[in-house]
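What follows is a set of notes on a single structure, which appears directly below.
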Amino acid sequence: MNQQNSPQEVDVLQFFKAIGNFFASIKHSIKSLFVWLFDFFIKTLIYLKKHALYLGIGVLIGIIYAFVFQRNFKPVYHANIQLKANYESGNALENKINSFNGLIKNQEYDKLAKELGLTKDEASKLMGFKLTTDINDVKLVKEYEKYLMKLDTVVYKNIEYKTYSKNISKTPQLFPYKTLDVYASDVGLFAKLNNKFEHILDNDPVLIKKKKDVDNLLSIKKQKMIHSLVELDSLRQVFNKVYLENATKSNSGSTNIVVSNNKLSGAEAPVNIYYNRIIALKELEKIENQIMDNGSILSLENRFPEFGQKESILKYNPFIKYPILGFLLVLFILLLLDFNKFINKYQKEKLAE
């Protein structure tokens, strides 16, 4: 009589069978993927071969265009810097960069040279500017703390970091940190921009007034805090004198100190003064950091390098760029025509049902 398998043995056999089926399905899926990729590759080659004449014409048109209009091409070099737009000057900075690009496009190199402190010949070698907002967690936290400092303590408790970060992502132009990319045909031109670039917004009357108002406010806050520290130090000296005099009195069984009604009294008064002094020093430090952080309307986090980096040849060589663009344009038109044929065919089949 044959002995039946135990339930435990059956479970183990089913488990290994399931594992085998799983790996078999993976193997089949990988095989199917490679078959599909190979089939797609072959069909693509057949399609390109079928329309080789039209695609070749697109490439030829690109070559002709490059030869006629862009044959005197120059290599393109690139460099970037990090900026901080203080006093809510982000929009003004964006408008200024757009104006620079407009001057380059219109070949108004005299005006551009005057704006950037360059010669006309140097300005003519500039090819474009690109400004983007540089948002990262480190800078977000820093700006979040500064933002809270401007608010009332009752208000900022209801503003979470997630909410602040989300709002900045929706309106990146409000974030002060920017990255500026500069493109030029002269590899050594970039360092010359360091002379005047930090001051390109210094003539904006709106920003000048805003800077003056903020600077005055910070100066007043600083003077008030220094005055508070002087008063606390004077009060501390009074307490030290009183304690010293009481310590010399042999008949004194206790020390009672009263300085103005409902303020500091008793032996804990020096502790309160020490605590208030620490708070005042921290506030003074915050004000000093604000003054340093908002030193100028536009501050450079780093300087332009002495030499730029050469851009990819695909970006500036017209005898490569335009033939590729011609090829892709013709391919897009062909695909669009085939898609239109498919739609018409599908429509006819549906109407025939």
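Data overview
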{"read-out": "Spin-label pair K130/E88, simplified geometry with 7 Å Cα→Cβ offset, distance in nm", "value": "3.0"}
{"read-out": "Gain upon complete extension [V214, A191; 0.36 nm per residue less C-alpha separation]", "value": "5.1 nm"}
{"read-out": "Note, ³J(HN,Hα) from phi for the stretch 205-221, Karplus 6.51, -1.76, 1.60, rounded to Hz, x at Gly and Pro", "value": "x, 5, 6, 4, 5, 5, 4, 5, 5, 5, 4, 5, 4, 5, 5, 5, 4"}
{"read-out": "Gain in span if fully extended, V230 to A24, counting 0.36 nm per residue against the direct Cα distance", "value": "65.9 nm"}
{"read-out": "The stretch 29-182: mean projected area of Cα convex hull, nm²", "value": "17.3"}
{"read-out": "Above-threshold pairs, the threshold being 19 Å between Cα atoms, out of K209/K286; K139/K170; K84/K315", "value": "K209/K286; K84/K315"}
{"read-out": "Approximate spin-label separation T248-V35, in nm, with each point projected 7 Å along Cα-to-Cβ", "value": "10.6"}
{"read-out": "Efficiency of FRET between Q309 and T171 - r from beta-carbon atoms, R0 35 angstrom, step 0.05", "value": "0.65"}
{"read-out": "Stokes-Einstein diffusion coefficient of the stretch 101-232, Kirkwood radius over Cα pairs, 20 °C, 1.002 mPa s, in µm²/s", "value": "115"}
{"read-out": "G128 long-range amide H proximity, modeled H, under 5 Å", "value": "Y183"}
{"read-out": "Calculated FRET efficiency for the pair D338/Q70, C-beta based, R₀ 35 Å, to 0.05", "value": "0.65"}
{"read-out": "From phi via Karplus (6.51, -1.76, 1.60), per-residue ³J(HN,Hα) for the stretch 88-99 in Hz, x at Gly/Pro", "value": "6, 9, x, 5, 5, 5, 4, 5, 5, 5, 4, 5"}
{"read-out": "Inverse mean reciprocal Cα-Cα distance (Kirkwood Rh) of the stretch 293-353, Å", "value": "17.2"}
{"read-out": "Added length on full extension, which subtracts the Cα-Cα distance from 0.36 nm per residue, L328 to L45", "value": "100.4 nm"}
{"read-out": "Interchain or long-range residues, amide H under 5 Å from D204's placed H", "value": "none"}
{"read-out": "Label-to-label distance, nm, for residues given as D293 and Y346 (7 Å Cα→Cβ offset)", "value": "5.5"}
{"read-out": "Cα-based convex hull volume of the stretch 64-126 per residue, rounded to whole Å³", "value": "121"}
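FYI, it's all coordinate maths here, none of it is from the lab. Because the structure is predicted, anything quoted here is derived from the model rather than measured. Cβ: placed from backbone, ideal geometry, glycine included. Neighbour counts: every protein chain shown.
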